[in-house]
1. A:Gly151: at pLDDT below 90 and within 16 Å of ligand 2 (Cβ to nearest atom), yes or no?
2. For the range A:355-465, which helices (runs of 4 or more DSSP H) that fit wholly inside it have 1 or more residues that are among the aromatic types (Phe, Trp, Tyr) and within 14 Å of chain B (Cβ to nearest Cβ)?
3. Any residue in the range B:11-30 that is farther than 16 Å from A:Lys57 by Cα sitting within a Cβ distance under 8 Å of a residue that is part of a strand (DSSP E or B) and aliphatic (A, V, I, L, M)? List the pairs, counting only those 6 or more apart or interchain.
4. All but one of (1) assigned to a loop (DSSP other than H, G, I, E, B); (2) in contact with a strand residue (DSSP E or B) (Cβ under 8 Å, 6 or more places away or on another chain); (3) closer than 27 Å to A:Val261 by Cα hold for A:Ala103; state the number of the condition that does not hold.
5. Filter the range A:411-440 down to residues that are of a type in the set (Lys, Arg) and at pLDDT 90 or above and give me whichever is surrounded by the fewest Cβ atoms within 10 Å (Cβ to Cβ).
6. For the range B:21-72, what are the residues that are within 11 Å of another protein chain (Cβ to nearest Cβ) and in contact with a Leu (Cβ under 8 Å, 6 or more places away or on another chain)?
7. Select the helices (runs of 4 or more DSSP H) contained entirely in the range B:87-175, then report the ones holding at least 3 residues which are within 14 Å of chain A (Cβ to nearest Cβ).
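The values are calculated or read from the model by the stated rules, or taken from the named source; none is laboratory data. It should be emphasised that the depicted structure is a prediction, and the values quoted were computed from it without experimental measurement. Here the Cβ is made from the backbone with ideal geometry for all residues, glycine too, and neighbour counts use every protein chain on show.
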Amino acid sequence: MNNPNERKPGDDRDWSVVVEDGVAKTNEPVSSAVAEPEAATRRHEPHEPARTHLPEKLYEKRAVVHNKRIDGPFRRFKWLVMVVTLAIYYITPWIRWDRGPYAPDQAVLVDLANRRFYMFGIEIWPHEFYFVAGLLIMAGIGLFLITSAVGRAWCGYACPQTVWTDLFQHIDRLFDGDRNARHRLDKAPWTFGKILRRGSKWTVYLFIGLITGGAWILYFADAPTLLRDFFAGEAAPVAYGTVAVLTLTTVTLGGFMREQVCVYMCPWPRIQTAMMDEQSLLVTYKDWRGEPRGSIKKAQKNPGAFGDCIDCQQCVQVCPTGIDIREGPQIGCITCALCIDACDRVMKDIGRPRGLIDYATLEDCEREAAGGEPKSPWRTLFRPRTLVYLMIWGGIGGAMLFALGVRSHTDLTVAPDRNPPFMLLSDGSVRNAYTLKLRNMESRPRDMEIAIEGLPGAVMWTENVNRRDAAPTQTVNVPADLVRQVRAYVAVPAGTPSQEFSFRVTSLDEQRESDVVQTRFDAPESE
Amino acid sequence: MANKRIDEPTGTETVGHEWDGIEELNTPLPRWWLWTFYLTIIFSIGYVIAYPAWPMIDRATVGMLNWSSRGELAKDMSAADQARATVREQLARIPIERLPEESGLMQQAVAGGAAAFRVNCVQCHGSGAAGSQELGYPNLNDDDWLWGGDLKAIEYTLVHGIRQAGDDETRMSVMPPFEGAFDTAQLDALVDHVLSLSGKAETNATGARIYADNCAACHGPAGGGDRAQGAPTLNDAIWLRGSSREAIKRQILQPRMGMMPKWEGRLDPVTIKMLAAYVHSLGGGEDFVEVAENPEAEVDEQP
Ligand code: SF4
Ligand code: SF4
């Protein structure tokens with residue numbers, strides 16, 4: 001697969017000057033904001049060599065990214081988020097939560113076999129799956145909220161791809177040294193030392209992958225038991241398969257693909273670019289301050305001719321996706337703000353004010369470029385759009401909490417027998433049969449009373465209660481956390497006409513929850 | 001129209017289309033994507049070798065692994081059969097008197113019986129087991145039993161049938177026809193008396209006398225019936241062949257008596273047991289008056 005060179009012989013156009021919309025633009029690094037402060041939309045001009053002989057490419061070779069170590073407030077925040085998110089992921093399955101003897105004691109458990117979802121004090125049945133749907137909607141709107149307020153903060157700090165990539169990059173640094181050493185080692189011949197280093201590094205990769213995949217399956221079964229079974233070789237084949245697949249994906253995506261996932265595979269950057277507006281906080285290079293670039297020496301020789309950027313490439317070297325933020329906002333930027341840390345450090349060293357690269361909104365950039373004051377960050381965060389998102393998000397959350405709080409843990413469904421619809425008994429009374437389903441959503445067995453309402457003279461018995469003990473109410477014991485099916489036989493004295501009536505089920509405990517279902521009693525036409 | 005040009009900020013060629021001023025960049029594909037594509041091709045070759053893939057005239061090629069969805073189904077089915085076999089084994093071993101104590105096994109038996117009922121019994125007794133008054137097929141849901149309604153009695157009826165020639169142990173009884181035995185007035189009086197047993201008419205001396213002379217031996221002095229010979233109860237609300245005067249008269253003069261095939265030999269003992277459990281479960285099943293004398297002795301029959 002060769003990349004054809006599109007440049008035809010005889011094409012003698014001068015690519016160093018491009019005429020667009022009748023405006024001649026050069027490819028020399030220049031900021032239009034400097035030239036024309038009001039021309040905001042054309043501010044970000046590329047800092048690239050003239051493209052006179054750029055061949056068209058069919059395939060893009062990947063440029064290896066070895067990001068340099070950096071320390072600073074954002075890096076520390078990233079460390080914090082990394083520790084917290086990884087801790088949540090690895091520790092959650094081990095948290096215990098006492099639910100009594102009839103339910104698992106794992107705080108967060110997706111019990112697929114028994115179709116229950118446990119999350120601390122909340123237990124969700126399959127028919128309540130809308131709660132999970134609600135959670136997903138909340139997660140979605142939460143991302144909208146974050147994006148419209150602080151841009152791709154999710155990408156920069158909390159996305160698993162980012163967290164694991166970060167982790168693997170630290171492993172690289174630990175084994176192979178910092179940026180330059182890593183580049184050197186990449187190019188070095190495969191000596192014994194290199195093989196040893198790569199081997200041990202990849203073993204650690206594999207180990208990380210393994211515990212990542214291993215932790216995942218612990219969410220689906222009792223963690224201590226599963227772990228024991230897993231190493232004893234007694235766990236379900238699907239457990240081993242899942243761990244194998246997740247180990248493989250962790251190592252490939254985090255260990256080797258890294259920024260390629262964000263640039264080429266993930267849909268999220270595409271969606272986010274559509275959700276940001278002029279008021280979203282973005283990592284921005286303030287080109288009106290930085291351009292034209294010049295080293296300290298040059299600036300000393302020509303005071304006033306150069307901007308603040310000394311072209312030291314620090315921001316490029318620390319970037320985990322290997323891009324140059326000075327080219328403007330781009331899909332490769334996950335807004336991790338490491339370049340801010342890097343640039344602030346350089347500015348401090350050379351005694352220029354911090355914030356040449358900074359979180360800023362497009363609106364603020366224009367205002368600042370025109371010599372105005374930037375808005376306070378609070379005004380930037382609390383604007384109508386984010387507030388509306390916040391309200392929707394909070395509204396759904398509140399509604400779900402309310403629904404969870406008031407949901408009944410007792411439920412009844414009734415299916416009357418239709419064939420035969422009624423039954424004449426030897427003493428002349430008429431019997432109908434019903435299949436009742438009593439749902440007990442508490443994790444303890446409960447006695448429930450089934451009562452007949454609105455059917456005078458009716459008595460009831462069940463498949464376990466003899467007709468001799470027929471009564472207007474029957475009490476059955478429903479096992480913890482299960483649905484119990486009861487055949488109910490209802491008999492009325494001769495001459496009772498067909499009519500509607502209801503079953504009421506009441507839990508016989510201090511809650512006394514109840515549910516009523518209306519159904520029909522059929523009787524023969526009276527002669 | 002195609003109007004390719006190089007986009008200056010990115011140095012990438014556009015695809016040459018424009019929508020409302022928005023142009024699409026012809027961003028080059030990353031090279032690993034290409035390798036991934038080749039990998040999928042290699043995978044597909046392996047897949048075609050290992051699994052059925054090419055459609056032939058009546059079936060697809062057999063893969064090296066010999067896998068087929070039918071084969072999977074057969075495996076599942078035989079696993080299910082195995083599971084059923086253990087249930088059947090347990091059912092074969094347990095005497096029917098002990099069945100109600102094993103609620104799990106009882107449930108299995110009822111479920112199996114329901115399936116067998118749908119195949120063998122619905123032709124006469126109806127899909128809801130409600131029988132037919134017109135044709136005299138008894139309703140199996142109610143609490144009126146001609147020959148007994150506990151599990152053992154039901155099983156016995158199923159095994160030996162009713163009024164089946166060629167089975168010494170079949171349920172057997174005959175009601176004599178009374179055609180010509182009474183005149184009209186006597187017959188009316190008798191019908192009145194029979195109806196009075198369940199409170200449907202006024203009794204009278206003539207009817208009572210005729211009843212005592214001719215009927216009480218089998219149907220009992222108060223019309224309580226006799227299950228030993230399948231004589232129906234006359235003092236309840238359920239009338240197998242109708243409760244109108246005409247129906248009763250017809251039954252006295254030209255009695256019709258039900259027959260039921262014996263299922264021994266046609267169905268295996270376990271299926272019969274399951275059928276008994278199902279019929280018993282329909283709502284009118286009776287408890288044993290006393291537990292059979294020595295059920296353990298039967299346990300040992302089939303070790
Ligand atoms: S681009 Fe996608 S994968 Fe990369 S950090 Fe953002 S959400 Fe995660
Ligand atoms: S350009 Fe800056 S903010 Fe964007 S990914 Fe690179 S280091 Fe992070």
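1. Working: at pLDDT below 90: yes; within 16 Å of ligand 2 (Cβ to nearest atom): yes.
The answer is yes for A:Gly151.
2. Working: elements: A:362-369, A:377-381, A:384-406.
Of the helices (runs of 4 or more DSSP H) lying wholly inside the range A:355-465, none has at least 1 residues that are among the aromatic types (Phe, Trp, Tyr) and within 14 Å of chain B (Cβ to nearest Cβ).
3. From residues that are farther than 16 Å from A:Lys57 by Cα, the pairs are B:Glu23/B:Val15.
4. (3)
5. Keep residues of the range A:411-440 that are of a type in the set (Lys, Arg), which gives A:418, A:431, A:437, A:439.
Add one more test, that the residue is at pLDDT 90 or above, and what stays is A:431, A:437, A:439.
On the way: A:Arg431: 27, A:Lys437: 16, A:Arg439: 20.
The residue in question is A:Lys437.
6. B:Pro28, B:Leu29
7. Details: elements: B:103-120, B:122-125, B:151-160.
Output list reads B:103-120.
This table checks each residue for (1) under 25 Å from A:Thr249 (Cβ atoms); (2) surrounded by 19 or more Cβ atoms within 10 Å (Cβ to Cβ); (3) of a type in the set (Lys, Arg); (4) away from ligand 2 (no atom under 16 Å from the Cβ).
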residue	(1), (2), (3), (4)
A:Val81	yes, no, no, no
A:Ile122	no, no, no, yes
A:Ala139	yes, no, no, yes
A:Cys159	yes, yes, no, no
A:Val163	yes, yes, no, no
A:Gln169	yes, yes, no, no
